[in-house]
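Read through the structure below, which is laid out as structure tokens, and then see the notes.
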Amino acid sequence: MIWIQAFIFIILPMILLLHLLKNVYPGRKLLIADWLGTGMFIAFLFFIGPWHIFIYYLRYVWVVLFIVTTFFVIKKVSRLPVKGPKNKSYKFSMGIAIFLTIYFGFVAVTGITGYFFTDKEKAIKLEFPMKDGVFSTGHGGADPSINYHNEYPPQQYAYDILQINGFGMRAAGLTPDDLEKYKIYGTPLYSPCSGEVLAAVDQYDDIPPSLSSDSKPEDPAGNHIILACKGAEVHIAHMKPGTVEVEKGDEMNTGDILGEVGNTGNTTEPHLHIHAEKDGVGVPITFNDRFLKRNSLVFN
């Protein structure tokens with residue numbers, strides 16, 4: 001699966017951009033249709049793609065290369081006839097280009113709608129629970145296209161957060177089995193708010209990223225903490241075994257140490273899962289007045 005994603009996110013954009021530059025077009029309409037289709041595909045990658053898996057900053061490179069390519073397309077289109085041939089091959093190519101434009105355009109717009117939320121009066125403001133690094137939002141936002149948690153009411157505004165290294169990658173490799181190769185593994189977690197500890201679980205072992213879901217513990221949160229603060233229950237999950245520093249009933253202040261990021265519970269790799277609930281329904285979380293979305297970066 002990861003290699004298919006690598007092809008889609010790294011190889012395919014280059015193929016499409018080179019096609020725009022090198023292909024001999026019989027008419028303006030097909031070139032414009034291909035340009036629009038490529039643009040919508042780049043937009044799809046930019047807004048929907050989980051760029052922490054690869055080199056994060058490539059998402060901007062494709063946008064820049066598309067803009068550069070556009071200048072050459074403008075020069076190219078002026079030299080072409082307005083209408084192309086009426087043969088089946090031309091019509092088929094036009095149909096494919098129009099389909100890609102509509103499909104990827106729709107998906108990209110859907111992702112953009114997830115950048116906003118309507119429950120502003122229910123949102124709670126928290127302090128970001130990690131320090132000394134650059135952190136990327138893997139899942140976040142108000143639409144399932146950029147945050148799969150959104151389909152589950154208690155976790156609809158949950159965040160899955162990773163840490164990226166100087167190369168813009170969340171690990172040394174695409175899918176290493178060694179947990180230590182993930183930048184976020186063992187990163188200290190701090191209380192994002194002041195309140196009471198409602199639950200503190202530290203009984204599960206870390207699991208390797210390649211472990212099947214059937215072999216994972218019954219509690220999907222793994223080692224976790226639940227805090228009561230600001231009228232909500234704040235869930236912090238997938239903590240490293242033996243690092244949970246608090247117990248049920250403890251009173252916490254913002255910035256107090258909670259433990260470390262691990263890979264326990266129903267998780268595919270080390271990351272911080274955090275969400276807030278009020279009466280069993282998920283509510284938005286903002287950090288420093290920012291509502292994070294997929295690919296949002298936090299510099300701390």
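From the list His235, His224, His273, the lone residue that is surrounded by fewer than 22 Cβ atoms within 10 Å (Cβ to Cβ), within 24 Å of the chain's Cα centre (by Cα) and in the same structural domain as Lys125 (by TED's automatic domain parsing) is His235. Of Leu31, Leu17, Leu45, all but one fail to be over 30 Å from Gly114 (Cβ atoms), part of a helix (DSSP H, G or I) and in contact (Cβ under 8 Å) with a residue 24 or more places away in the chain; the exception is Leu31.
Okay, residues lined up against (1) in the same structural domain as Met130 (by TED's automatic domain parsing); (2) of a type in the set (S, T, N, Q); (3) under 15 Å from Tyr56 (Cβ atoms):
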site: Gln155; (1), (2), (3): yes, yes, no
site: Ala158; (1), (2), (3): yes, no, no
site: Ile161; (1), (2), (3): yes, no, yes
site: Ile164; (1), (2), (3): yes, no, yes
site: Arg170; (1), (2), (3): yes, no, yes
site: Leu174; (1), (2), (3): yes, no, yes
site: Ile184; (1), (2), (3): yes, no, yes
site: Leu189; (1), (2), (3): yes, no, no
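When Gly259, Gly195 are checked against the criterion of being surrounded by fewer than 22 Cβ atoms within 10 Å (Cβ to Cβ), assigned by TED's automatic domain parsing to the domain that holds Pro154 and over 23 Å from Thr118 (Cβ atoms), Gly195 stands alone in meeting it. What pairs come out if I take residues in the stretch 106-118 that are without any contact (Cβ under 8 Å) to a residue 40 or more places away in the chain and pair them with residues that are of a type in the set (Asp, Glu) whose C-beta lies under 9 Å away, six or more apart or interchain? Qualifying pairs under 9 Å: Thr110/Asp143; Thr113/Asp143. Specify the residue that is nearest to the chain's Cα centre (by Cα); the eligible residues are those in the stretch 13-46 that are surrounded by fewer than 14 Cβ atoms within 10 Å (Cβ to Cβ) and hydrophobic (A, V, I, L, M, F, W, C). Residue satisfying both the conditions and the ranking: Met14. All conditions but one from (1) touching a residue at least 60 places away in the same chain (Cβ under 8 Å); (2) under 27 Å from Pro284 (Cβ atoms) apply to Lys183; the one that does not is (1). Scanning the stretch 82-99 for residues that are surrounded by 11 or more Cβ atoms within 10 Å (Cβ to Cβ) and either basic (Lys, Arg) or within 33 Å of the chain's Cα centre (by Cα) (or both) turns up Lys83, Lys91, Ser93, Met94, Gly95, Ile96, Ala97, Ile98, Phe99. Restricting attention to the stretch 134-153 and to residues that are in contact with a strand residue (DSSP E or B) (Cβ under 8 Å, 6 or more places away or on another chain) and of a type in the set (Gly, Ala, Ser), the residue that is nearest to Tyr60 (Cα to Cα) turns out to be Ser136. Among the criteria (1) of a type in the set (A, V, I, L, M, F, W, C); (2) closer than 27 Å to Phe291 by Cα; (3) in a loop (DSSP other than H, G, I, E, B), the one Leu80 does not fulfil is (2). Residues that are in contact with a Gly (Cβ under 6 Å, 6 or more places away or on another chain) and under 16 Å from Tyr159 (Cα atoms): does the stretch 239-255 have at least one? Yes: one or more hits.
The values are calculated or read from the model by the stated rules, or taken from the named source; none is laboratory data. Owing to the predicted nature of the structure, the values given are computational and were not obtained by experimental measurement. Here the Cβ is made from the backbone with ideal geometry for all residues, glycine too, and neighbour counts use every protein chain on show.
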